[in-house]
Amino acid sequence: MEAISILFWPTIAVLLSVAIYTFLWKDNMVYKIAEHIFMGVSVGYSIAYSYHKILVPKLWVPVKRFLSQGNYILAIYFILGGLIGLLYISRFTDKTSWLSRYPIAITVGFYAGFRIVPVWMTMVSKQLNATIKDPTGSPLLNGKLFEAFFNNPTWGNFINAINGPLIVVGVLLVLIYFFFSFSNDNFVVKISRKPALVILMLGFGGAFGYTFMARISLFIGRMNFIFSEWPELIKSTLGG
Amino acid sequence: MKKIIFIFIIITILISPIFSEKTENNEFDEFDPKARVKIIDKPQDEGTHVYVEFKPLNKPDEVKYYLLEVYNKKADSEELVSSFKIENKGKSLRFSSTLEDSTYSPWPKSRTALIKAYSSNKKGEKLNQFVSKTMKTNYSWFNINKLSAFLGVVIFLILVYIFIKKARTGTKFFIRKIPGLDAVDSAVGRATEMGKPIYYVPGIGTTSQIATLASLNILAPITRKVAKFSTPLKVPNRDPVVMSIAQDVVQEAYMAEGRPDLFDSNDVFFLTRQQFAFAGSVSGLFKREKPGAVFLLGKFYAESLIFAETANDVGAIQIAGTDSVSQIPFFIAACDYTLIGEELFAASGYLSRDPLIVGTTKAQDYLKALLIILLFIGIILNIFDIDIITDYILQR
């Protein structure tokens with residue numbers, strides 16, 4: 001009995017992994033079963049998660065606490081939020097489905113506004129700052145590094161010297177590439193297009209290789225589980 | 001006498017553990033725990049954040065562990081908000097704590113931070129309290145460090161206003177060719193000729209992500225093109241809110257083309273919130289329904305290649321686009337056409353030619369031009385050790 005309880009879930013995991021991999025051959029019944037189990041479990045899990053991690057701690061518990069503390073304004077504030085959220089359910093009938101636009105409008109409007117400052121700070125201000133200065137505070141276009149290279153022409157000094165200028169030129173060219181309302185005949189746009197594409201593709205190539213290696217690592221991990229960890233578990237449980 | 005001596009010995013044996021424990025605790029009591037504790041108010045915040053600098057003044061062999069507690073002190077109570085177990089390595093440490101408490105305040109207000117420090121043991125128990133410090137926090141309604149964001153938004157709003165007004169008065173703005181979008185007509189046409197459905201996946205992002213909103217903007221003109229040919233359009237979703245918006249967008253687009261009869265709310269459907277369950281389900285749908293064209297536009301993560309490869313496998317024309325830098329290479333490798341980064345944001349203007357969106361695209365370009373000029377000035381000034389731009393305008 002103990003052996004079954006130890007082996008049951010790892011064996012299910014192995015079977016489901018193999019079932020998912022059968023998709024590489026063709027769409028088949030085994031894959032469909034695994035797909036529907038995966039989807040059904042994830043939907044069920046997300047409902048339970050929303051109830052235990054959102055509805056109860058973020059709505060039910062604070063409302064109860066505010067009411068017991070006599071803080072009725074804050075309690076009403078939370079209850080109103082809950083009621084607006086409930087309007088999503090109005091989509092179930094055609095007559096009332098227009099009501100669901102209120103929570104949608106509030107959600108989209110809130111996030112559109114809420115994201116302005118973080119997006120500006122992280123994607124504009126910080127990025128441009130990092131194109132002028134490196135994290136240590138020295139300029140990216142640093143003449144001293146070129147001086148060091150000419151005094152001691154090693155590969156390391158060369159990389160150090162061109163690293164900053166490459167980033168600066170790359171950022172400028174790519175920014176110009178993403179002008180949409182200027183004509184392609186515009187001199188600056190015309191001469192920067194091809195070098196910008198080369199820089200973009202170099203960047204994407206690097207990202208591709210890096211991510212691909214991460215995926216291979218995940219694949220090795222799964223194969224290791226199926227061909228090494230699971231047989232070991234069977235041996236140690238049934239053999240011992 | 002013997003009895004008295006016997007009783008004395010028994011009592012001595014019984015109470016000896018008390019003394020032995022005391023002796024063990026005296027290990028810590030031999031040295032007075034000492035530390036330099038400084039409370040620093042986080043500037044420009046709503047009065048909730050404090051930093052605590054803690055420098056142990058005992059050697060590690062004198063007092064090995066400390067316990068630091070941060071309280072939100074009120075008139076009638078003290079509410080513990082965070083506690084830090086510290087191992088004495090002779091180094092100065094800095095902790096961050098928030099004084100947000102159960103009586104949540106929606107507006108900025110001053111709070112009182114109370115710091116208590118104790119000598120402790122390995123288990124993290126309190127032994128001797130040796131520090132008790134309080135500090136009142138300052139609050140502000142405006143964070144001056146984010147002034148650049150405010151100015152940037154104001155400039156952008158002015159530009160948007162000017163260009164939308166111009167576009168509405170009939171000025172035609174140029175938008176350069178985006179190859180992926182020119183292929184939309186042929187993709188829709190091909191699916192229609194083959195009698196196969198079209199799939200539009202708006203990514204796995206939520207409405208808080210700009211790429212998702214851009215994707216929902218593109219969905220409208222694509223649906224209008226699809227409506228002309230009465231080709232079935234299917235939109236699987238990972239987020240219920242995105243699904244609701246997508247349903248409305250598709251319905252309105254069909255109505256705008258005079259074909260409300262083509263709309264079926266079941267064609268814009270929710271699958272699951274779990275990333276790879278969603279990827280598996282969409283791949284299964286691709287395999288079973290063999291779409292003629294697949295649009296993958298929005299926010300994508302690790303599932304991007306699963307979608308692109310499966311759609312490629314069933315022979316669909318794929319037009320993909322995302323702003324996730326790590327996923328664009330996969331789309332470039334596996335899809336027929338790819339919208340790179342910002343092309344996704346310009347796409348809805350390009351397809352719809354709506355003056356509102358075209359005007360916004362023009363304003364974006366002008367803001368970018370201004371930022372390039374600012375960057376250029378910043379780089380030149382920085383070479384001469386002048387840091388006005390980096391210190392005051394483009395802060396980290």
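Values in this text are rule-based calculations from the coordinates and carry no lab data. Just so it is clear, the model here is predicted, and its values are computed rather than measured. Here the Cβ positions follow ideal geometry from the backbone for every residue, glycine too, while neighbour counts run over all protein chains shown.
Around residue A:179, under 12 Å between beta carbons, what's the net of Lys plus Arg minus Asp minus Glu among the other residues? Cβ neighbours under 12 Å give a net charge of +2.
Charged neighbours of residue B:387, selected by a Cβ distance under 12 Å, balance to 0 (K, R count +1; D, E count -1). Any lysines with Cα under 19 Å of the residue B:172 Cα? List them, leaving off those in the same chain fewer than 8 positions away. Leaving aside lysines fewer than 8 places away in the same chain, those within reach of residue B:172 are B:362. Counting neighbouring beta carbons within 10 Å and listing from fewest to most, the residues A:128, B:305 come out as B:305, A:128. 3J(HN,Hα) along the range B:107-119, derived from phi through the Karplus expression 6.51 cos²θ - 1.76 cosθ + 1.60 where θ = phi - 60°, amounts to 10, x, 7, 6, 10, 10, 8, 10, 10, 10, 10, 10, 7 Hz, with x in place of Gly and Pro. Taking the DSSP bridge list for chain B and keeping only pairs wholly inside it, about 65 percent are antiparallel. Scalar couplings 3J(HN,Hα) for the range B:324-333, obtained by applying the Karplus form with A = 6.51, B = -1.76, C = 1.60 to θ = phi - 60°, are 7, 4, 6, 9, 4, x, 5, 5, 4, 6 Hz; x denotes Gly and Pro. Loop-resident trypsin sites (Lys or Arg not before Pro) (DSSP state other than H, G, I, E or B) in the range B:296-372 with no more than 14 further Cβ atoms inside 10 Å of their Cβ: B:353. Taken as Cα centroids, the range A:209-240 and the range B:237-280 sit 38 Å apart, rounded to the nearest whole angstrom. Under the combined filter of DSSP loop state and at most 15 neighbouring Cβ atoms within 10 Å, the range B:164-220 retains these chymotrypsin sites (Phe, Trp or Tyr not before Pro): B:174. Database remark: amide H of residue B:42 closer than 5 angstrom to the amide H of B:49, B:50, B:51 (H placed geometrically; neighbours at sequence offset of 5 or more, or on other chains; Pro and chain starts carry no H).
Computed over the protein assembly as shown, the P(r) tail beyond 34 angstrom holds 62 percent of alpha carbon pairs.
If you take every residue apart from residue A:123 with its C-beta less than 15 Å away from the C-beta of residue A:123, what net charge results, scoring Lys and Arg +1 and Asp and Glu -1? Don't skip to the end; give the middle numbers.
Working: positive: A:115, A:126, B:146, B:299, B:368, B:396; negative: B:323, B:342.
Residues close to residue A:123 contribute a combined charge of +4.
Loop-located trypsin sites (Lys or Arg not before Pro) in the range B:90-151 (DSSP state not H, G, I, E or B) with no more than 13 neighbouring Cβ atoms inside 10 Å: B:91, B:109, B:122, B:123. Put simply, the amide H of residue B:318, placed in the peptide plane, has neighbours under 5 Å in B:294, B:336, B:337, leaving out anything fewer than 5 places away on its chain.
Summary: within chain B, the longest segment free of GluC sites (Glu not before Pro) located in DSSP loops with at most 12 other C-beta atoms within 10 Å is B:126-396. With helices as the sole contributors, the protein assembly as shown gives -17500 deg cm²/dmol at 222 nm; each DSSP H run of n ≥ 4 counts as -39500 (n - 2.57), and the sum is divided by every residue.
In peptide A:122-134, what is the residue-averaged number of other protein chain Cβ atoms found within 10 Å of each Cβ?
6
For chain B, complete DSSP H runs whose alpha carbons reach 27 Å or more along their own long axis and whose mean Kyte-Doolittle score is 1.0 or higher are B:147-168, B:355-383. Working from Cα positions, state the angle (0 to 90°, nearest 10) between the long axis of helix A:29-49 and the longest principal axis of chain A. Once rounded, one gets 90 degrees.
Inter-part distance, the range B:65-100 to the range B:302-329, computed on C-alpha centroids, equals 48 Å.
For chain A, the longest stretch holding no trypsin sites (Lys or Arg not before Pro) located in a DSSP loop with at most 12 other Cβ atoms within 10 Å is which? List each step's numbers first, then the result.
Working: sites that count: A:26, A:95.
Counting only loop sites that pass the neighbour cut-off, the longest clear stretch is A:96-240.
Taking the DSSP bridge list for the protein assembly as shown and keeping only pairs wholly inside it, about 70 percent are antiparallel.
If you wrap chain A in the convex hull of its Cα atoms and look at it from every side, the mean projected area works out to 27.9 nm². Return the subset of A:64/B:126; B:91/B:136; B:85/B:109; B:91/B:122; B:196/B:287; B:55/B:122 for which the Cα-Cα distance in this structure is over 23 Å, preserving the input order. Going by Cα-Cα distance, A:64/B:126; B:91/B:136; B:85/B:109 fall outside the 23 Å limit. Here residue B:42 is the anchor, and no aspartates and glutamates lie within straight C-alpha reach of less than 12 Å, apart from those fewer than 8 places off in the same chain. Rounded to the nearest 10 degrees, the angle from helix A:155-177 to the longest Cα principal axis of chain A is 70 degrees. The angle between the Cα long axis of helix A:2-21 and the longest principal axis of the Cα atoms of chain A comes to about 50 degrees, rounded to the nearest 10. Note on residue B:76 and residue A:154: the model spin-label points, each 7 Å out from Cα along the C-beta direction, lie 7.1 nm apart. Remark on chain B: hydrodynamic radius 27.0 angstrom, per the Kirkwood mean of 1/r across alpha carbon pairs. Amide H contacts of residue A:140 (H built 1.01 Å from N, in plane; Pro and chain starts excluded): A:133, A:134 sit under 5 Å, all sequence-distant by 5 or more or on other chains.
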